[in-house]
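Structure first, commentary second.
The values are calculated or read from the model by the stated rules, or taken from the named source; none is laboratory data. Not measured: the values here are computed from a predicted model. Ideal geometry is used to build each Cβ from the backbone, glycine not excepted, and the neighbour counts take in all protein chains shown. Please note that ligands, DNA and RNA were not included when accessible areas were found on the heavy atoms of the full protein model with its side chains. Shrake-Rupley method; radii C 1.70, N 1.55, O 1.52, S 1.80 Å.
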Amino acid sequence: MLGHLARRLGLQQIRAGLNQPLSESDTRLQSSLHTIRPISMMPLWPFSSQPWDFSQPNSTWSPEMCKVYDHYNALCDTDTENGEKKRGPWRKLPSYNRSIKYATGGIHLSKMIKAKARLFTRNFKEQGATFEYVVFVNKEEKRCVCVFQAGHLLEGAPGHVHGGAIATMIDTVTGTLAGFLSGPIMTANLNIDYRSPMPLGSVVLIHSALDQIERKKQYITCKVTSADESKLYTEATALFVSISVDHLFGSRN
């Protein structure tokens, strides 16, 4: 079937190059192909529709959040002398309601993972109520930065972000960096020092960097600051261990 379509498309291109009109059947084929979505746009999970990137700006983001987002997003692409776009040192990472859904081969896990399971930080439908964040990673420098805005449901002490919510974001961001650099990982240790209360609704930066690698172990350092980096809220160190998921895909090696 695919070979037949390829031959038909090749014939169309030859006719177009010779300025010959397409046949009626070729015209219908060309029209129908416009309705076919490319594989990259097709959902890879049978329980959900088109994936949605929760790290895109929305109406609940404060002007400060948008400003910092624009700053790092601009570092992802740079303009050359010819006016063309060139990939910069940073890369924005998308964030879905479940990471494994859109991973290569994720569909094979459909019978082992509950359809209703969701990534904790993306488990709320109300925008701006909990974890609003976006992660940018610099692979060459082995570090990343997360722009985070805590919603009203993350309150601990009156007017301030709950310590557990801060720990969740530190684990999420440091784990994201470790996983990006080394593949599948699990948290082995997380040490957090809370330096100053974090105001609810404020925009903060979560800086993470790879400290060292020892075989399957990745040591990550982290600090949480105000958006202008003038105030330190939290410091942390984390240890992640690389794991194998081959057995989930039927591999015996």
May I ask you to list the trypsin sites (Lys or Arg not before Pro) in segment 156-242 that are in a DSSP loop and have at most 15 other Cβ atoms within 10 Å of their Cβ? Arg195, Arg215, Lys216, Lys231
Would you tell me the accessible area of Thr176, worked out with a 1.4 angstrom probe on the heavy atoms of the protein chains, in Å² to the nearest 10? 40 Å²
Karplus-derived HN-Hα couplings along segment 166-180 (A = 6.51, B = -1.76, C = 1.60, θ = phi - 60°), whole Hz, x at Gly and Pro: 5, 4, 4, 5, 5, 4, 5, 6, 5, x, 4, 5, 4, x, 5
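How many percent of the accessible area of segment 195-239 is carbon or sulfur, using a 1.4 Å probe? List each step's numbers first, then the result.
Details: 1070 of 2270 Å².
About 47 percent, which is the carbon plus sulfur part of the accessible surface.
To the nearest 0.05, what FRET efficiency results for Glu126 and Lys217 with a Förster distance of 30 Å applied to their C-beta separation?
On the way: r = 38 Å, r/R0 = 1.27.
Once the sixth-power term is evaluated, E becomes 0.20.
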Please list Trp90, Trp52 from largest to smallest accessible area, probe radius 1.4 Å, with all protein chains kept in place. Trp52, Trp90
At 1.4 Å probe size, what's the solvent-accessible area of Asp70? Round to the nearest 10 Å². 90 Å²
So how do Glu132, Glu126 rank on accessible area, 1.4 Å probe, biggest first, that is with the largest at the start? Glu126, Glu132
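Among residues other than Ser202 whose Cβ falls under 15 Å from its Cβ, what is the net charge (Lys/Arg +1, Asp/Glu -1)?
Neighbour charge sum, excluding Ser202 itself: -2.
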In order through segment 214-222: 3J(HN,Hα) via Karplus (6.51 cos²θ - 1.76 cosθ + 1.60), integer Hz, x for Gly, Pro: 10, 6, 8, 9, 10, 9, 10, 9, 8
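Quick one: ranking His71, His207 by accessible area, 1.4 Å probe, largest first, what do you get? Can you show the working numbers first?
On the way: His71 105, His207 30 Å².
Sorted by accessible area, descending: His71, His207.
Here are some pairs, Lys85/Lys142; Lys92/Lys139; Lys92/Lys231; Lys125/Lys231; Lys142/Lys217; Lys139/Lys217; which of them have Cα atoms lying more than 21 Å apart in this structure? Write out the running numbers ahead of the final one.
Values: Lys85/Lys142 23 Å; Lys92/Lys139 11 Å; Lys92/Lys231 25 Å; Lys125/Lys231 31 Å; Lys142/Lys217 15 Å; Lys139/Lys217 18 Å.
Distance filter (> 21 Å) returns Lys85/Lys142; Lys92/Lys231; Lys125/Lys231.
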